[in-house]
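The values are calculated or read from the model by the stated rules, or taken from the named source; none is laboratory data. Predicted, not measured: the structure shown is a model, and the values here were computed from it. We work out accessible area using only protein heavy atoms, side chains counted, and drop any ligands, DNA or RNA first. Shrake-Rupley method; radii C 1.70, N 1.55, O 1.52, S 1.80 Å.
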Amino acid sequence: MSDMGIRHSTAGADRPVPAAEPAAQRIRWRRIGASWPAATALLAVACWAPFELAPFHTFQLSVAMVYAVALLGLNLLVGHTGQISLGHGAFFAVGAYTAAVLMDRWDVPYAVTLPAAAAVAFVLGLALGIPALRLRGLYLALVTLAIAVFLVPLLKRFESVTGGSMGMTLHKPRPPAWTGLAEDQWLYLLVLAVTVVAYLLAAGLLRSRVGRALHAVRDNEVAAEVMGVRPAFYKTMAFAWGAMFAGVAGCVHIWVIGYVSPDSFTLTLSITLLAGLVVGGLGGHWGPLLGGLFVMFVPSFAQDVNQAAPGVIFGLLIIAVMYLAPNGAAGLVGRAAHWLGHRAGKGRTHAH
């Protein structure tokens with residue numbers, strides 16, 4: 001990592017900023033400003049979709065956005081901090097069961113379950129992040145893998161609380177009468193609102209001093225520590241923040257599905273989420289969204305071909321992405337947009 005990047009990522013530095021640094025900031029803000037029209041257009045299409053699509057397709061898009069929220073947390077941990085997690089599905093399950101138990105046992109309003117699920121997942125992520133400080137690479141991956149493995153038997157054991165292997169059936173949030181919306185449309189708009197807020201929170205976090213510190217830890221942990229960044233603190237908080245987004249996604253997943261079971265949160269879910277993030281694009285703004293679409297629709301389409309097709313297609317797509325688009329689908333789309341813009345610019349030049 002360059003000296004300029006380290007100075008830029010140091011928290012609380014009062015030294016004069018080099019002249020090159022404001023230029024880098026201007027480039028970053030120019031890119032962010034250029035993405036706003038695309039984000040606005042995408043949001044407009046998203047708001048229009050539930051009124052034109054069939055209920056089943058609306059449901060599919062709702063689930064895809066749920067996965068995108070979970071991948072926001074995984075992207076924060078893996079893509080922006082350089083950690084590894086094979087147990088993200090466990091935090092997803094924690095959020096889901098927190099919401100389910102509150103709704104089923106104590107009849108808590110569904111709106112209250114969202115902050116509760118986020119808080120419980122955050123605390124558990126923080127508890128995991130502290131011992132994970134001493135681990136890295138393969139050892140950290142094995143620890144997070146173990147969490148995903150023992151979660152399902154644990155949920156089945158406490159049958160009086162979790163419903164055991166049978167799970168729990170819950171009432172979905174119903175649309176207020178004054179909205180005139182169908183249930184699938186109301187749930188879709190709820191998930192869309194949560195997704196937009198989650199994206200804004202993640203973007204604000206990454207554009208802040210915290211985001212620069214996370215990137216410094218990812219790029220060169222030793223250099224970041226020398227310049228005043230506390231790697232232990234930021235790595236622990238990255239686990240907690242990542243778990244919080246997963247917990248929110250698990251809660252919203254319960255709203256949409258209306259059912260929770262331990263077998264929905266096996267190790268396969270954690271691996272699928274990680275694969276979706278890699279295919280969507282690590283460390284990018286659009287990676288979690290594209291990854292959520294991948295996790296939702298690719299297995300669905302593959303299942304129609306053959307029962308064994310989802311695993312095969314998952315593996316082939318990951319291999320293809322590693323060779324053809326190391327930055328994921330988001331990077332591929334960005335390169336295509338850049339190429340089209342370059343071609344359009346050359347066309348205008350020749351026209352003059």
- At 20 °C and 1.002 mPa s, the Stokes-Einstein diffusion coefficient in µm²/s for region 87-170, with hydrodynamic radius from the Kirkwood sum on alpha carbon pairs, is 155
- Could you tell me the accessible area of residue 285 in Å² (1.4 Å probe, neighbours in place), rounded to the nearest ten? 110
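Going from most exposed to least, what order do 154, 128, 74, 145 have by accessible area with a 1.4 Å probe? If you can, show how the numbers build up before the last one.
Numbers: 154 75, 128 20, 74 0, 145 45 Å².
Descending order: 154, 145, 128, 74.
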- Message: Along its three principal axes, how long is region 51-200 when you only count alpha carbons? Whole Å, largest extent first please.
- Response: 54, 38, 24
- Note on the structure: Calc'd 3J(HN,Hα), region 222-233, phi into Karplus 6.51 cos²θ - 1.76 cosθ + 1.60 (θ = phi - 60°), Hz, glycine/Pro = x, comes to 5, 5, 4, 5, 4, 8, x, 7, 9, x, 4, 5
- Query: Rounded to the nearest 10 Å², what accessible area does residue 219 show when all protein chains are kept and the probe is 1.4 Å?
  - Reply: 80
- Please list 168, 296 in order of solvent-accessible area, largest first, computed with a 1.4 Å probe with all protein chains present. 296, 168
- With x for Gly and Pro, the residue-by-residue ³J(HN,Hα) of region 183-190, computed from phi through the Karplus equation 6.51 cos²θ - 1.76 cosθ + 1.60 at θ = phi - 60° and given in whole Hz, is 4, 5, 5, 5, 5, 4, 5, 4
- Task: For residue 108, list long-range residues whose amide hydrogen, built 1.01 Å from N in the peptide plane, is under 5 Å from its own amide hydrogen.
- Result: 103
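Considering the convex hull of the alpha carbon atoms of region 181-261, report its projected area averaged over all viewing directions, in nm², one decimal.
Spelled out: convex hull of the Cα atoms, projected over all directions, averaged, 6.6 nm².
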- Query: If ligands, DNA and RNA are left out, what is the accessible area of residue 147 with a 1.4 Å probe, given in Å² to the nearest 10?
  - Reply: 40
- Query: Based on the alpha carbon coordinates of region 113-215, what radius of gyration and maximum Cα-Cα distance (Dmax) apply, in Å?
  - Reply: 18.9, 54
- Accessible area in the full protein assembly, largest first, 1.4 Å probe, for 159, 221: 159, 221
- Item | Table column - 3J(HN,Hα) (Hz), region 196-206, Karplus curve with 6.51, -1.76, 1.60, x for Gly and Pro | 4, 4, 4, 5, 5, 5, 5, 5, x, 5, 6
